[in-house]
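K.L.:
The structure that follows is given in the form of structure tokens.
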Amino acid sequence: MKLALLTTKISPLTGLWNLPGVPFDNCIDCPPPLPHFFTMRIVSSIAAMQHLARQWQRAGKRTGFAPTMGYLHAGHLSLVKRARQAVGKSGVVVVSIYVNPTQFGPKEDFSKYPRDLKRDLKLCRAAGVDVVFTPGDKEMYPCGSRSRRCESADEPRFDKRGYSTYVVEENLSRTMEGASRPTHFRGVTTVVAKLFNLVLPDIAVFGAKDWQQAAIIKRMAADLNFPVRIIVAPTLRERDGLAMSSRNKYLAGDLRRQATVLWRAIQKARAVVKRSKAVPAAKLKASLKQLIKAEPDAKLDYVEFFEPDTLVPVTKVTRGAHMALAVFVGKTRLIDNARLK
Ligand code: AMP
């Protein structure tokens, strides 16, 4: 067994991070020397991740995977728990933390997106994660050597010369988030396909919080024959109904209160469909728009009612239909969704 290191450097050979006070083996072929709590691995290189994943496959270990953009909250950790449930104690749970530049539009919050890797690692360790995968932009979207665009660390998009392959879902991606954020799902499907190829998961857990995203990933996995089972875990909410989100960090002062309007809109729609058999979607949309307008800093982007699996919009809203909405609260764009039961 090789010597454990006590540095904060990323090993150039393995891409594994060595954390201060957390000795671990920098040899990826060796068995972990310490109990699980101390041996969570942080893998930053693509080659090291794929190498580990193939080892697990050969050893017949089941791998559960929860892809995230970090700044973790209890919603993310519920995906970890679900992944552990699915693969059991003998399986491996991987969380990726990667703020994927290709899913942000040019005017969106890529550079400001909240990041706190140290805190995320603590949470992952406490949640029993086996491996945290933290790839870098340059490896995920490499630049051609002649590309000048990629020389600036601030350049949010790395796709000009050295990277030109995308995964595009062409049906479910057209509405709602896809209509408001035209390149968003192309970025999501591309990064998730890449991550699936690197982590080789048997199961992958996504949150119902991003309902349309989960539907698109399920479709992508089926269409492209990824041998992975997609699990969709329920949305975790704050006590007042606000769906947990990394972006809630932006909600200062009264904006935090106003943000509950998304949940209030869902509850109102639920109450309406409970009272009447079928409500015209246009009428319900208009009344929810009014509710949202009553908040001084809230502006509705869209509200949609649709069939939950196909995402096909319904013109008459009945119980069992699904509702999704996006609302700007100040400058922060929040999304939420729920079944109208
Ligand atoms: P993100 O880091 O926002 O890209 O989210 C990573 C994963 O966590 C996605 O599958 C999300 O749907 C899921 N997620 C985010 N917020 C919640 C929440 N409040 N409850 C459950 N899952 C969530």
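The values are calculated or read from the model by the stated rules, or taken from the named source; none is laboratory data. Everything quoted here is computed from the prediction, not taken from an experiment. All Cβ positions, glycine included, derive from the backbone under ideal geometry; neighbour counts span all protein chains shown. For accessibility, only protein heavy atoms count, side chains too; no ligands or nucleic acids. Shrake-Rupley method; radii C 1.70, N 1.55, O 1.52, S 1.80 Å.
K.L.:
Among the residues that make up segment 154-165, is at least one of them away from the ligand (no atom under 16 Å from the Cβ) and either modelled with pLDDT of 95 or more or in contact with a His (Cβ under 7 Å, 6 or more places away or on another chain) (or both)?
P.N.:
No, segment 154-165 has no match at all.
K.L.:
Could you tell me whether any residue of segment 273-281 is under 22 Å from G178 (Cβ atoms), surrounded by 13 or more Cβ atoms within 10 Å (Cβ to Cβ) and within 22 Å of the chain's Cα centre (by Cα)?
P.N.:
Looking for residues that are under 22 Å from G178 (Cβ atoms), surrounded by 13 or more Cβ atoms within 10 Å (Cβ to Cβ) and within 22 Å of the chain's Cα centre (by Cα), one finds none in segment 273-281, hence no.
K.L.:
Provide a single number: the residues in segment 126-140 that are assigned to a helix (DSSP H, G or I) and surrounded by fewer than 19 Cβ atoms within 10 Å (Cβ to Cβ).
P.N.:
3
K.L.:
Quick check on segment 232-239. Is at least one of its residues more than 10 Å from the ligand (Cβ to nearest atom) and crowded, with 20+ Cβ neighbours inside 10 Å?
P.N.:
Within segment 232-239, not a single residue is more than 10 Å from the ligand (Cβ to nearest atom) and crowded, with 20+ Cβ neighbours inside 10 Å.
K.L.:
Continuing with this model, one more query. What pairs can you find where one residue is in segment 38-62 and assigned to a strand (DSSP E or B), the other is at pLDDT 95 or above, and their Cβ atoms are less than 6 Å apart, with a gap of 6+ or different chains?
P.N.:
Final answer for the pair search is R41/V131; I42/V132; V43/M49; V43/V131; V43/F133.
K.L.:
Can we say R115 is among the basic types (K, R), surrounded by fewer than 20 Cβ atoms within 10 Å (Cβ to Cβ) and under 26 Å from G162 (Cβ atoms)?
P.N.:
Details: among the basic types (K, R): yes; surrounded by fewer than 20 Cβ atoms within 10 Å (Cβ to Cβ): yes; under 26 Å from G162 (Cβ atoms): yes.
Criteria met by R115.
K.L.:
Quick test of your reading of the structure: Y302 fulfils all but one of (1) open to solvent by 20 Å² or more (accessible area, probe 1.4 Å); (2) within 16 Å of the ligand (Cβ to nearest atom); (3) hydroxyl-bearing (S, T, Y). Name the failing condition by number.
P.N.:
(2) is the only condition that Y302 fails.
K.L.:
Here is a further query. Give me the pairs, please: first residue somewhere in segment 213-239 and more than 16 Å from N197 (Cα to Cα) and basic (K, R), second residue anywhere and in a loop (DSSP other than H, G, I, E, B) and away from the ligand (no atom under 14 Å from the Cβ), beta-carbon distance under 7 Å, and either six or more positions apart or on two chains.
P.N.:
Cβ pairs passing all conditions: R219/E169.
K.L.:
In segment 207-227, how many are in a loop (DSSP other than H, G, I, E, B) and buried (at least 21 other Cβ atoms within 10 Å of the Cβ)?
P.N.:
So the answer is 0.
K.L.:
Separate question: Identify the residue in segment 168-195 that is open to solvent by 40 Å² or more (accessible area, probe 1.4 Å) and among the aliphatic types (A, V, I, L, M) and, among all such residues, is farthest from F305 (Cα to Cα).
P.N.:
Taking the candidates together, the pick is V168.
K.L.:
I've got another one for you. Given the residues Y98, Y113, Y71, which is the only one that is at pLDDT 95 or above, in contact with an Asp or Glu (Cβ under 7 Å, 6 or more places away or on another chain) and within 10 Å of the ligand (Cβ to nearest atom)?
P.N.:
The conditions single out Y71.
K.L.:
Based on what the data block shows, is L198 in contact with a strand residue (DSSP E or B) (Cβ under 9 Å, 6 or more places away or on another chain) and surrounded by 19 or more Cβ atoms within 10 Å (Cβ to Cβ)?
P.N.:
So L198 fits the description; yes.
K.L.:
Quick one: which of A259, A243, A204, A252 is away from the ligand (no atom under 14 Å from the Cβ) and either more than 19 Å from R82 (Cβ to Cβ) or crowded, with 23+ Cβ neighbours inside 10 Å (or both)?
P.N.:
A252
K.L.:
Can you go through K89, K118 and tell me which one is more than 13 Å from the ligand (Cβ to nearest atom) and farther than 24 Å from I203 by Cβ?
P.N.:
K118
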